[in-house]
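The next block holds one structure in the form of structure tokens; read it before the comments.
The values are calculated or read from the model by the stated rules, or taken from the named source; none is laboratory data. In this text the structure is predicted, and so the values were computed from the model without any measurement. Reconstructed Cβ throughout: ideal geometry from the backbone, glycine too, with neighbour counts over all protein chains shown.
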Amino acid sequence: MRDFVLERPRSISEALEILKNQGEKAILKSGGTDVIVWLHKSLKEPDYLVDLTGIDQLRGIVMNDDNVEIRALVTLNQVIEDNAMNRYFPALVQACKAHSDPLIRNRATVVGNICAAVPSGDMIAPLMCYDAKVEIVGSRGTREVPVSDFITGPKKTSLRQEEIVTGIRIAIPFVETSGCYLKATRREALDIAQAAVCCTLHKGDSREFRIAFCAVSPRPLRAVEAEKLLNSSSVIDDSIIENAARLAADAVNPITDVRASREYRIDMIGELTKRAISICLRGPAEEGGPR
């Protein structure tokens, strides 16, 4: 790791000014659980590190009339401890718990996990299922981008050099819902996902399943055909669930690496999808249950 200048802006406008002046020589840091590792491994070699933790505007979970805003400095533990997040977005809470241990979760942020854009990022699949929008501010003004469009590839996003992600906005579901996040790892804790599935179910005038994946595609991916099958079926029996799981496995395009083979990941997606659908249908009273 080579030397760099540490900048600690106190406002969003001050941070944007630093980015404008330093251009590609600067990178942003919130929780730092990814960035610090990249610096130590010399995967990133900035001249300026812009630490956003002094910007109070980026703190807090804000409940509005019809949506919730998870601001950029909100940690995974803060999501886990928030009553509204547990009530409305149980799959995201489960993903936060699956991410790491309590100490790391005190630093790691939801927004940071998305901005890192690592295919195994635990936050990506739940935010896809909840149709989350990434809120961005820059020299050209503000814009809002779906998570599926924000992440353009492994460790790549549509964020411009002079922009900052200020938060993530999710519409509050006003119907009965359930959701879960299931993750396959080599160990029970502190491990990156070999494969993971998020499933949510909205039970309004018509049933709506959403299914998304982790660690099995270079970009965020929904199981569109599996969703269509589930949402169009008047009765969901074991046969429908089996077919939906097969369609989900057909949708992914994983690689073989040191954590798992391509074939193992595909098999796990099928199995995890079956379990996730069943959990959502049961709708347990605890996390993932009907609200």
Okay, helices (runs of 4 or more DSSP H) sitting entirely in the range 38-107 with 2 or more residues that are out of contact with any helix residue (DSSP H, G or I) (no Cβ under 7 Å at 6 or more places or on another chain) and surrounded by 21 or more Cβ atoms within 10 Å (Cβ to Cβ), I get 90-99
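Out of the helices (runs of 4 or more DSSP H) lying entirely within the range 108-218, which hold 1 or more residues that are in contact with a Pro (Cβ under 8 Å, 6 or more places away or on another chain)?
Values: elements: 110-116, 124-129, 147-150.
Because the criterion is at least 1 residues that are in contact with a Pro (Cβ under 8 Å, 6 or more places away or on another chain), the helices (runs of 4 or more DSSP H) in the range 108-218 that meet it are 124-129, 147-150.
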Scanning the range 66-122 for residues that are touching a strand residue (DSSP E or B) at 6+ places or on another chain (Cβ under 7 Å) and among the polar types (S, T, N, Q), the one farthest from residue 183 (Cα to Cα) turns out to be 67
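Within 15 Å of residue 122 (Cβ to Cβ), hydroxyl-bearing (Ser, Thr, Tyr) and within 17 Å of the chain's Cα centre (by Cα) - does that describe any residue in the range 169-186?
Filtering the range 169-186 for residues within 15 Å of residue 122 (Cβ to Cβ) gives 179-185.
Retained after the next criterion (residues that are hydroxyl-bearing (Ser, Thr, Tyr)): 181, 185.
Then drop every residue that is not within 17 Å of the chain's Cα centre (by Cα), which leaves 181.
Within the range 169-186 (the criterion being within 15 Å of residue 122 (Cβ to Cβ), hydroxyl-bearing (Ser, Thr, Tyr) and within 17 Å of the chain's Cα centre (by Cα)), the answer is yes, since at least one residue qualifies.
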The lone condition residue 247 fails out of (1) at pLDDT 95 or above; (2) within 22 Å of the chain's Cα centre (by Cα); (3) of a type in the set (A, V, I, L, M) is (2)
Only unsatisfied item for residue 269, checking (1) on the phi > 0 side of the Ramachandran plot; (2) touching a helix residue (DSSP H, G or I) at 6+ places or on another chain (Cβ under 6 Å), is (1)
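Looking at 265, 219, which one is crowded, with 19+ Cβ neighbours inside 10 Å, within 21 Å of the chain's Cα centre (by Cα) and either over 22 Å from residue 95 (Cβ atoms) or not β-branched (Val, Ile, Thr) (or both)? Show your work before the answer.
Values: 219 fails: crowded, with 19+ Cβ neighbours inside 10 Å.
So the residue among 265, 219 that is crowded, with 19+ Cβ neighbours inside 10 Å, within 21 Å of the chain's Cα centre (by Cα) and either over 22 Å from residue 95 (Cβ atoms) or not β-branched (Val, Ile, Thr) (or both) is 265.
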By residue number, the members of the range 253-274 that are in contact (Cβ under 8 Å) with a residue 40 or more places away in the chain and either assigned to a helix (DSSP H, G or I) or of a type outside the set (D, E, K, R) (or both) are 254, 260, 264, 265, 266, 268, 269, 272, 273
* Asked: If you check residue 120 against the conditions, is it over 17 Å from residue 220 (Cβ atoms), surrounded by fewer than 24 Cβ atoms within 10 Å (Cβ to Cβ) and at pLDDT below 95?
  -> no
When every residue in the range 232-242 that is surrounded by 15 or more Cβ atoms within 10 Å (Cβ to Cβ) and without any contact (Cβ under 8 Å) to a residue 40 or more places away in the chain is compared, the one farthest from residue 260 (Cα to Cα) is 233
*With the condition kept exactly as written, say whether any residue in the range 22-29 is loosely packed, with under 14 Cβ neighbours inside 10 Å and either part of a helix (DSSP H, G or I) or touching a helix residue (DSSP H, G or I) at 6+ places or on another chain (Cβ under 9 Å) (or both).*
yes
